[in-house]
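Heads up, the thing below is written out as structure tokens.
What follows is calculated from the coordinates using simple rules that are stated; it is not laboratory data. Here the structure is a predicted model, which is why all the values come from computation and not from measurement. Methodologically, a virtual Cβ is constructed for each residue, glycine included, from the backbone with ideal geometry; neighbour enumeration extends over all protein chains shown.
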Amino acid sequence: MIKFPYSTTLMFILSQGLFVNAEPLKPSAWQPSAHPQEISFSIGSKFMKYRISKHGDKAARLYFDEFVPALFERTLMFDEIQLQDDEALEWIFTGDRGGITVRIQKSVVTVNKRYYDTYGLSPATKEKPHAPRNPEKQVEQFEVDFQGDLKSVTVIMDHQVSVSILINGVQVIRELCAFDLARHQLRMAGDKSYAQGKLLLPTDKTTTVTINPSKHYQTMLGFGGITTPTAYAQLSPVGKFQWWRYVTEYNLLIQREFPNGERLNPQMSNFDDLAVATPHSYGDNFPNGEVSDFNYLKTLRQLNGTVFFEYWALPLWARQEWRDEATGKSRNGVANPDKLVATIIRYCQLCKEGSGAPPEVVGIQNEQTQPTEIWHQLTLTLRRELDRAGFNTTRIHMADAPTLKGGTIFAGNFKKSPQAWEKIDYAATHMYDYQSNFSDPDLYDTKLKEFKNTIGNKPFLSTELCINHPHWQRYNYRIALSMGQLYYKNLTITDASAICYCWMLLNVVQPSYGWSRSLFVPDKAHGFLPKPSSYQLRVLGAYSRRIHKGMVRVDASSSDPNLLSVAFAGDNNALTVIMINRSTAVQRVSLKGIKTKFNYCEYVDQYNENSLQQEPSGSTIAVRPGQIVTLSTVPLKELPADFVVFGK
């Protein structure tokens with residue numbers, strides 16, 4: 001047992017440089033300096049002298065003094081431009097890991113996408129034993145010819161993880177591009193060409209969000225995911241304490257158990273034996289998942305946390321050879337309802353003994369298809385045996401499919417037995433097929449509505465969301481923003497009562513799994529502390545931190561379809577409003593229908609990690625492109641003074 005009362009551990013924690021006054025150091029919200037909507041520029045031989053640097057870069061450069069938002073539209077409007085045949089004006093956009101260059105020539109515009117974040121891109125070789133001064137590799141190039149006078153060039157980075165190039169206001173290139181870009185500059189490649197004009201920024205929009213507190217939807221159960229015990233065990237004592245501060249502050253109080261299944265012994269005595277944790281096929285990573293830690297759950301119970309239980313791979317001895325009476329065909333590995341339910345009941349008993357309470361919700365099975373008849377038998381047997389064992393408050397959610405399309409099929413199959421469907425307390429599904437709609441997220445709405453129509457008024461748990469497609473496993477804010485749109489759609493279209501990320505803490509070697517599949521990883525370089533592993537945490541936190549268990553979604557409508565707005569109300573005049581600006585212009589938002597004075601205003605973007613502006617002022621709230629703003633009267637949760645971390 002690790003006990004951390006603040007009075008005895010404050011000096012130790014301060015000595016580790018972790019907290020100030022026992023609170024995480026949180027910078028206030030930062031906004032780049034305001035710019036006029038037009039910025040004049042001139043570059044080239046007519047306006048500046050050239051010089052050749054010692055590295056041979058014979059070019060004039062002009063740097064724009066701005067940090068662009070995550071989504072943006074910028075236009076070069078030329079008053080005059082003169083380009084020689086062998087020279088070019090380059091518009092260079094740069095981010096932390098890569099960038100794009102728009103190369104403007106006399107009758108051709110070329111867009112290059114390039115990475116420069118590892119020497120693996122341009123290593124030294126036997127033929128070239130000296131690596132370049134900076135690594136760089138061009139990964140894609142797009143080119144378009146044009147005729148006539150060049151009046152303007154526009155670059156748009158949008159919420160559909162794409163880049164568009166417009167010439168004279170006409171779109172000529174549109175391609176997927178997930179880069180996070182921050183700065184931009186002009187480079188005149190050549191000593192005889194020149195250009196002069198204005199950099200144009202989009203005009204701010206005026207938007208209204210209307211709240212109707214009397215129109216209610218779902219009641220929230222909360223947010224969370226899977227904290228894999230093998231990763232949690234790697235954390236130092238200080239790291240474990242810091243973990244629980246994160247879990248509390250970000251309100252990630254649902255632990256979705258991924259229990260020992262295939263390696264469960266017939267005595268059912270090794271549910272929480274970390275030595276039998278089943279390795280998952282995440283590159284060269286070490287074991288994650290399919291094991292429990294009842295001390296972890298006991299610690300969670302102090303915070304009024306919630307536990308979901310659900311098998312993936314079933315115990316070998318709880319399977320059977322099953323014969324389909326309709327077709328006469330046999331199938332191996334099918335669940336044996338009586339034996340499988342017995343293991344779930346035993347888990348509930350051990351969970352109650354080890355943590356103080358049984359799981360609040362148990363699922364039928366994770367991402368696996370059973371014969372429909374078996375699903376019905378499992379549901380009815382499970383409800384009967386839970387009640388018989390005294391676990392009548394434990395609820396059941398249906399088997400969850402890996403995709404939303406599959407979830408609709410699963411729900412339809414469960415409904416074939418009205419008796420079984422009646423015993424299902426929650427519909428559930430994963431939504432990994434959403435990744436196919438990153439280039440147009442609203443196309444996913446049809447599938448969401450179909451699922452909602454299928455489950456009807458059955459409460460819904462969104463049990464597993466994350467990125468697992470190789471193309472999107474990146475350290476990118478814009479990818480996380482795509483997931484933010486999915487959270488919004490879950491809450492407003494399918495009326496999700498809970499949203500769970502896949503992994504909350506994952507033991508990784510290859511970093512891309514931390515960037516996309518997990519919210520945190522153990523930080524080996526800083527004393528085995530939990531470390532946010534990507535932008536995913538801040539985007540989920542824009543919702544989770546101030547939408548607490550028991551709050552009810554109320555109606556919120558926006559006058560602009562690209563300002564996604566959702567609101568939740570609770571006891572004691574609690575109110576939280578979240579707004580995502582997925583347009584390329586600043587949205588100046590007025591709230592209608594309420595007279596609430598918000599105590600907290602949090603900003604999320606590529607520059608702000610749930611950064612707090614303590615008292616929002618003014619009649620409107622400015623939401624920058626790609627930014628999420630959370631307005632709330634709800635304070636963050638805090639660890640109790642006598643909080644105890646149980647276990648080693």
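Quick rundown of the values:
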| item | result |
| --- | --- |
| Peptides 570-583, 136-149 ordered by average Cβ neighbours within 10 Å, highest first | 570-583, 136-149 |
| Length released on extending from residue 275 to residue 369, taking residue separation times 0.36 nm less the Cα-Cα span | 31.0 nm |
| Average Cα contact separation per residue, the range 531-585, under 8 Å, 6 or more apart, as relative contact order % | 27 percent |
| Highest average packing first - 217-226, 538-547, Cβ atoms within 10 Å | 538-547, 217-226 |
| Those Cys residues of the chain for which no other cysteine Cβ falls under 4.7 Å | 177, 348, 351, 500, 601 |
| Note, ³J(HN,Hα) from phi for the range 468-482, Karplus 6.51, -1.76, 1.60, rounded to Hz, x at Gly and Pro | 10, 6, x, 5, 9, 6, 9, 8, 9, 5, 5, 5, 4, 5, 4 |
| Gain upon complete extension [residue 62, residue 638; 0.36 nm per residue less C-alpha separation] | 202.5 nm |
| Long pairs among 458/597; 113/447; 298/339; 46/198; 452/597, criterion Cα-Cα beyond 23 Å | 458/597; 113/447; 298/339; 452/597 |
| Sequence-separation-based contact order of the chain, relative, with Cα cut under 8 Å and 6+ spacing, percent | 18 percent |
| Beta bridge orientation in the chain: antiparallel %, DSSP, nearest 5 | 75 percent |
| Förster-model FRET efficiency, 22 Å R0, residue 215 and residue 620, C-beta, rounded to 0.05 | 0.40 |
| Ordering of 584-594, 269-279 by packing [mean C-beta count within 10 Å, highest first] | 584-594, 269-279 |
| Footprinting exposure proxy for 449, 489, 298, 648 (fewest neighbouring C-beta atoms within 10 Å first) | 648, 449, 298, 489 |
| Cubic angstrom per residue, convex hull over Cα atoms of the chain | 197 Å³ |
| Pair residue 80, residue 141: separation of 7 Å Cα→Cβ label points (nm) | 3.2 nm |
| 5 angstrom amide H check on residue 395, placed H, neighbours 5+ away | 361, 362 |
| Label-point gap, in nm, between residue 439 and residue 174 - each point 7 angstrom along Cα→Cβ | 1.0 nm |
| Residue (of 364, 221, 490) at the positive-pole extreme of the chain, dipole from beta-carbon charges | 221 |
| Two-decimal log10 I(q)/I(0) for the range 222-550, as the Debye equation yields it once each C-alpha is a single scatterer, q = 0.08, 0.14 Å⁻¹ | -0.35, -1.13 |
| Rough spin-label spacing in nm, given labels placed 7 Å along Cα→Cβ, for residue 571 and residue 468 | 3.8 nm |
| Sum of -39500 (n - 2.57) over DSSP H runs of 4+, divided by residues of the chain (222 nm, nearest 500) | -6000 deg cm²/dmol |
| Extended-chain gain in nm, criterion 0.36 nm per residue less alpha-carbon gap, residue 339 and residue 326 | 2.3 nm |
| For the range 359-389 and the range 589-648, distance of Cα centres in Å | 39 Å |
| Residue 524/residue 590 FRET efficiency (R0 35 Å; Cβ-Cβ; nearest 0.05) | 0.15 |
| FRET efficiency for residue 453 and residue 183, using Cβ-Cβ distance with R0 set to 56 Å, rounded to 0.05 | 0.75 |
| Fewest-first sequence of 397, 130, 471 by Cβ atoms within 10 Å of each Cβ | 130, 471, 397 |
